[in-house]
Amino acid sequence: MKFFLLLSFIGFCWAQYYPQTHCRGTSIVHLFEWRWVDIAKECERYLGPKGFGGVQVSPPNENIVVNDPPRPWWERYQPISYKICTRSGNEDEFRDMVKRCNNVGVCIYVDAVINHMCGTGNRAGTSSTCGTYYNANDRDFPGVPYSGWDFNDGKCNGEIYNYNDANEVIDLGGEAITSSEYFGNGRVTEFKYGAKLGTVIRKWSGEKMAYLQNWGEGWGFVPTDRALVFVDNHDNQRGHGAGGASILTFWDARMYKMAVGFMLAHPYGFTRVMSSYRWERNIQNGQDLNDWIGPPNDNGVTKEVTINPDTTCGNGWVCEHRWRQIRNMVAFRNVVGDQPFSNWWDNGSNQVAFGRGNKGFIVFNNDDWALLTTLQTGLPAGTYCDVISGDKIDGNCTGIKVYVENDGTAQFSISNCAEDPFIAIHVESKL
């Protein structure tokens, strides 16, 4: 029997401050490896108009350039300085992105990687995204500056062999700098994105050594009165569908969309959706090197995110946030707002439904048989457009119509073979 475990996609947060303009949506999207110029365009042409509240960007600080394997995604997580200089763009482009996104109500969340340096394969030289010298073997990073005095040597050269072992992931990996006076007392002024670039809402990546009890000193250089900070252990997330939806099978894609739909419909947490590129395995001489290559590129230069006439993305980019099922559920979450969780129903297996007060209702069928039942929706009587199968356009519905009776009940029919075996309606989808 399938296990209907969908809540693993939910994020969380606490404390908030919004720069310039208020973030207008209730969900953010991680535009994984996008260029700053493309994010700025996407904020204006899509994210703002569609009700997204923010963008999580890939690490903006200078990192090593990895050519073996060729420019993998994880090179972004090998910082050598805090200069804003990566394959996503430079500082001027970053500033412009922040301003333009803020102006349309979309905030920028920085994936801040500050303690991930000495596990760089003992590389040295100026092979970095901005040409800064570093020597990982000697733990010499003059661009910060960090030296050997700033690293926890007992864990600096560890190796992770089993990413399913949480203790090994946390204890090893060799990137800890939490003993650094620069880390502790706020002398790393270049890292103050809030003061320097206007990005005062942050996503903090705890990375391998996520010892939260040891991070108290580190908050010294984060203006916490102006920051939204939530810890996210990057390596503990491996294997949880972080990206690469384009390589999913038909059935996997159904589960992915249902999982995101469940997350966005449920009142818990601060939600984030993933949007990336067409991931490919790194195959050399017929051998699978068990790694994923980096973003679409021409000789290492990240490609532009192009938009096709049907509003999907081209040039190797997937753009899951533009899928109808996902962007309409982002709208669903905005519509239901703080309405309470209500009218739960399940069949004792993998057919479930629940409402959000009197503003929204969603039904899932993850069983191997059809769903046909009448449920209390809590919604006003009327005809509604199912926002999963279609859109409400000029008062008409391009998808399934749901009829809610005067007593708030409606009949739902969902085939187990449907491309998207779930239905969602809300008060703004009423025809």
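Please work out which one of (1) at pLDDT below 85; (2) closer than 24 Å to VAL273 by Cβ is the condition GLY121 fails and give its number.
Condition not satisfied by GLY121: (2).
Check off (1) under 18 Å from MET329 (Cβ atoms); (2) at pLDDT 95 or above; (3) open to solvent by 10 Å² or more (accessible area, probe 1.4 Å); (4) among the acidic types (Asp, Glu) for ASP407 and give me the number that stays unchecked.
The single condition ASP407 does not satisfy is (1).
Output the residues belonging to segment 353-374 that are open to solvent by 10 Å² or more (accessible area, probe 1.4 Å), of a type in the set (A, V, I, L, M) and in a strand (DSSP E or B).
Within segment 353-374, LEU372 is the sole residue that qualifies.
Residue by residue, here is whether (1) closer than 23 Å to SER128 by Cα; (2) in contact (Cβ under 8 Å) with a residue 24 or more places away in the chain; (3) in a strand (DSSP E or B); (4) open to solvent by less than 10 Å² (accessible area, probe 1.4 Å) holds:
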| residue | (1), (2), (3), (4) |
| --- | --- |
| GLU33 | yes, yes, no, yes |
| ALA40 | no, yes, no, yes |
| GLU44 | no, yes, no, no |
| LYS50 | no, yes, no, no |
| GLU62 | yes, yes, yes, yes |
| PRO70 | yes, yes, no, no |
| GLU75 | yes, yes, no, yes |
| TYR82 | yes, yes, yes, yes |
| ASP92 | yes, no, no, no |
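The values are calculated or read from the model by the stated rules, or taken from the named source; none is laboratory data. Remember, it's a predicted structure, so these values are computed and weren't measured experimentally. When we count neighbours, we look across all protein chains shown, and the Cβ atoms used for this are built from the backbone with ideal geometry, even at glycine. Surface areas here come from the heavy atoms of the whole protein model, side chains and all, with no ligands, DNA or RNA. Shrake-Rupley method; radii C 1.70, N 1.55, O 1.52, S 1.80 Å.
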